[in-house]
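The structure appears right after this line, and notes come after that.
The values are calculated or read from the model by the stated rules, or taken from the named source; none is laboratory data. These numbers were taken from a predicted model, which means no experiment stands behind them. In this analysis, Cβ positions are derived from the backbone assuming ideal geometry, glycine residues included, and neighbour counts consider all displayed protein chains. When the accessible area is computed, the model is the full protein with side chains, heavy atoms only, and any ligands, DNA or RNA have been set aside. Shrake-Rupley method; radii C 1.70, N 1.55, O 1.52, S 1.80 Å.
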Amino acid sequence: MAENILQKNPHPLGAQVESDGVRFSFVSKSSSCGVMLYDRKTEKLLKKIPFTEEERIGHVYCKIVKEIDPNSTTYLFFEEDRLVPDERARLFSRKIPYGKERNAEDMKAGFAAGAFDWGQDRFPRLPYHKIIAYCMHVRGFTKHASSNVKQRGTFAGVVEKIPYLKEIGVTTVELQPAYEFAEIPVKEKGTAPVPHMKKAGILESSDSEKLNYWGYKKGYYYMPKAAYAFSDDAAAEFKEMVKAFHENHMEVVMQFYFPNTVRQMEIIEILRFWVLEYHVDGFHLMGENPGADLAAMDDVLADTKLWYYAFHTDRVYSGSEKPLYPHVAEYNDAWYYDMRRFLKGDAGMLNGMMYHMRHIPEKAGGIHYMSNYYGFTLADMVSYDEKHNAANGEENRDGNDYNCSWNCGEEGPTRRQTVRKLRLKQIKNAMSLILLSQSTPLIFMGDEFGNSQKGNNNPYCQDNAVTWLDWGGITKNAEIFAFWKMLVDFRHKNPILSPDRELRLTDYIACGYPDLSYHGQNAWCPQTEGNYRHIGIMLCGKYAKAGDGGGEAFLYLAVNMHWESHGLALPRLPKGMKWKEAFSTESGREESRTKTQEEGPELIRAIAPRSMTMYVGVLAPS
């Protein structure tokens, strides 16, 4: 028995076209299983072929079926009286419209035909300190009519928006699950309901059959989601998308959610497949135990970006080894919660803010964000104290109850100008924290122009205007949009804001200034007790390589999240230089931004309540 099966080699699992036929390998603990062959055009059953005991090793059955035309044949496996779609299929022959119920017969697998022309495609391999990441839902990104794309809600629609993504500084897109999954549970007699998202994060339940808009469930991991393709060839359209991003020196990172039923060795096979077949640049691993360290140590994935809650980097990089290209990055909510609390003025958060703004993990990247697909959007974070999830049909019980948010004085939409102005300032403050922190910034789609989800902090089942990006916000919230782009440009021109390793807070090049220093009412004397919510942060550009016009600049970020004004001291600059205000989140300061400040032993500047002001050291007029 074993000799026969080993001659056939059951791996990889699924169906593989070989010179003498098609090799089918199926995992089953049943003695009554096999493969069903169908005519691709008529869908008529051609043949039912059972596996025999002699074709089994362990739980794997393997058989080579000869005289099959892969171009005209589809297949399903069977187990007892159940039809079982191939979990490792490369494509389903029938494209199922988004939101339509499916059964096993709708998921007959086919065989890929023809090779894709990748041309001179190359992986950008961007280091983490040069990345601005953008998390998006493929369908929601362009499905709204306001997107003005021809192929809305698809991979092709994303390609149409590449010029826009470049305009706002994005280098790396993170796609919510874009592999094939059943957004409506598969209805099949004798099978358990398919798990779906119920609460923020990854929680499975089987008491409902709502649409699963997000896709955090076990999927068909070897193919792109057909309903996200405009054409009938999702594989080719996905590859065209990746190729287009690479041509623009941009990256594609995919989220993959793996429940415990998917074994770690297969996870590695799946990741390898997407790198080799689809040229993706990285993966955000999700699930309880997806084997992140094991994947990070895989030789094929050694320069593929891997994001997870945390990595044992000494294990991944062999102790004292210093990787030339660190490919792993921590992706967790520590920055998210602490910075939200600091933004709304909670006591005792100043030291946490200072740490998060400078922290870069050892031998790894660090992805930080103020919002994500779960929780409130950036605009909703300053507009709602409470979640408003009634539309999800769970009596507002789903989603996180506490979001570290503050409505600035009134819940939801308001006409009160004082509240509206404060919300605008808080959004600018949040954007400044995101883009002036020294690890890798990430935003959720639409946050750059104040997109709202109407206070829904868990829209896992909303395939509508709640989750579809309303592009009218670019015009409606033009000031927010312009501020984001200004910050991106400022970050690029001042590379000290994006170092490749954590700053040391010492003068290790003997230039008279440390790379990073903190200041209070008196220069060089920060006040960080629990009741303080203001600080001055100075960065010396001499510690960074020159950027586009501002490589060696002195920067001073005055931060005040208290509801009262406070004075902060700016240290004296080298002879011949003065401090000049570059920008502020406080409105009505346009005139002061153009004036060079007077020089003295140290300059005291009054920082408005709940605001941030950036000063730049400039040459004084001779």
So in segment 1-41, with the set limited to residues that are in a loop (DSSP other than H, G, I, E, B) and small (Gly, Ala, Ser), which one is modelled with the lowest pLDDT? SER19
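Looking at segment 487-518, which of its residues are among the acidic types (Asp, Glu), assigned to a loop (DSSP other than H, G, I, E, B) and open to solvent by 10 Å² or more (accessible area, probe 1.4 Å)?
Start the filter on segment 487-518 by keeping residues that are among the acidic types (Asp, Glu), which leaves 489, 500, 502, 507, 515.
After this cut, where a residue has to be assigned to a loop (DSSP other than H, G, I, E, B) as well, the list is 500, 502, 507, 515.
Those that are among the acidic types (Asp, Glu), assigned to a loop (DSSP other than H, G, I, E, B) and open to solvent by 10 Å² or more (accessible area, probe 1.4 Å): ASP500, GLU502, ASP507.
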Check whether at least one residue in segment 227-236 is in contact with a helix residue (DSSP H, G or I) (Cβ under 9 Å, 6 or more places away or on another chain) and of a type in the set (Phe, Trp, Tyr), and report yes or no. yes
In segment 265-303, which residues are within 15 Å of TYR331 (Cβ to Cβ) and outside any loop (DSSP other than H, G, I, E, B)? GLY282, PHE283, HIS284, LEU285, MET286, ALA292, ASP293, ALA295, ALA296
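Looking at the structure I just gave you, is LEU76 surrounded by fewer than 19 Cβ atoms within 10 Å (Cβ to Cβ), not in a loop (DSSP other than H, G, I, E, B) and not small (Gly, Ala, Ser)?
On the way: surrounded by fewer than 19 Cβ atoms within 10 Å (Cβ to Cβ): no; not in a loop (DSSP other than H, G, I, E, B): yes; not small (Gly, Ala, Ser): yes.
Judged against the criteria, LEU76 is not a match.
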Considering only segment 519-534, state which residues are out of contact with any helix residue (DSSP H, G or I) (no Cβ under 9 Å at 6 or more places or on another chain) and either buried (at least 19 other Cβ atoms within 10 Å of the Cβ) or part of a strand (DSSP E or B) (or both). HIS519, ASN522, ALA523, CYS525
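Specify which of the listed residues (GLY446, GLY450) is closer than 29 Å to ILE537 by Cβ, open to solvent by 10 Å² or more (accessible area, probe 1.4 Å) and within 22 Å of the chain's Cα centre (by Cα). Step through it out loud before you land on a result.
Values: GLY446 fails: open to solvent by 10 Å² or more (accessible area, probe 1.4 Å).
Only one candidate qualifies: GLY450.
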Looking at segment 337-349, is at least one residue touching a residue at least 12 places away in the same chain (Cβ under 8 Å), farther than 29 Å from ASN407 by Cα and buried (at least 21 other Cβ atoms within 10 Å of the Cβ)? no
Filter segment 573-586 down to the residues that are more than 10 Å from GLY617 (Cα to Cα) and modelled with pLDDT of 95 or more, then identify the one that is most open to solvent (accessible area, probe 1.4 Å). GLU586
Single residue of LEU324, LEU306 found to be open to solvent by 10 Å² or more (accessible area, probe 1.4 Å) and either assigned to a loop (DSSP other than H, G, I, E, B) or at pLDDT 95 or above (or both): LEU324
When you look at LYS95, is it open to solvent by 30 Å² or more (accessible area, probe 1.4 Å), out of contact with any Lys or Arg (no Cβ under 7 Å at 6 or more places or on another chain) and in a loop (DSSP other than H, G, I, E, B), yes or no? yes
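So in segment 116-155, with the set limited to residues that are aliphatic (A, V, I, L, M) and under 17 Å from the mean Cα position of the chain (by Cα), which one is nearest to LEU442 (Cα to Cα)?
Among residues in segment 116-155 that are aliphatic (A, V, I, L, M) and under 17 Å from the mean Cα position of the chain (by Cα), the one nearest to LEU442 (Cα to Cα) is ALA133.
Quickly run through segment 342-364 and pick out the residues that are part of a loop (DSSP other than H, G, I, E, B), hydrophobic (A, V, I, L, M, F, W, C) and out of contact with any strand residue (DSSP E or B) (no Cβ under 8 Å at 6 or more places or on another chain). Don't jump to the end; show me each part of the working.
Step one: list which residues in segment 342-364 are part of a loop (DSSP other than H, G, I, E, B), which gives 344-349, 359-364.
Those left that are additionally hydrophobic (A, V, I, L, M, F, W, C): 347, 349, 360, 364.
If the condition is that a residue be part of a loop (DSSP other than H, G, I, E, B), hydrophobic (A, V, I, L, M, F, W, C) and out of contact with any strand residue (DSSP E or B) (no Cβ under 8 Å at 6 or more places or on another chain), then ALA347, MET349 are the ones that fit.
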Segment 156-191, residues that are touching a residue at least 12 places away in the same chain (Cβ under 8 Å), assigned to a helix (DSSP H, G or I) and either open to solvent by 20 Å² or more (accessible area, probe 1.4 Å) or under 15 Å from MET445 (Cα atoms) (or both): GLY157, VAL158, VAL159, GLU160, ILE162, LEU165, LYS166, GLU167
Evaluate segment 279-296: report whether one residue or more is modelled with pLDDT under 95 and open to solvent by 40 Å² or more (accessible area, probe 1.4 Å). yes
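Of the residues that make up segment 102-112, is at least one aromatic (Phe, Trp, Tyr), over 30 Å from VAL170 (Cβ atoms), assigned to a loop (DSSP other than H, G, I, E, B) and open to solvent by less than 60 Å² (accessible area, probe 1.4 Å)?
From segment 102-112, those aromatic (Phe, Trp, Tyr) are 111; that's our starting set.
Checking the rest, the ones that are also over 30 Å from VAL170 (Cβ atoms) come to 111.
Now restrict to residues that are assigned to a loop (DSSP other than H, G, I, E, B): 111.
So of that shortlist, the ones also open to solvent by less than 60 Å² (accessible area, probe 1.4 Å) come out as 111.
Yes, there is a match, as at least one residue in segment 102-112 is aromatic (Phe, Trp, Tyr), over 30 Å from VAL170 (Cβ atoms), assigned to a loop (DSSP other than H, G, I, E, B) and open to solvent by less than 60 Å² (accessible area, probe 1.4 Å).
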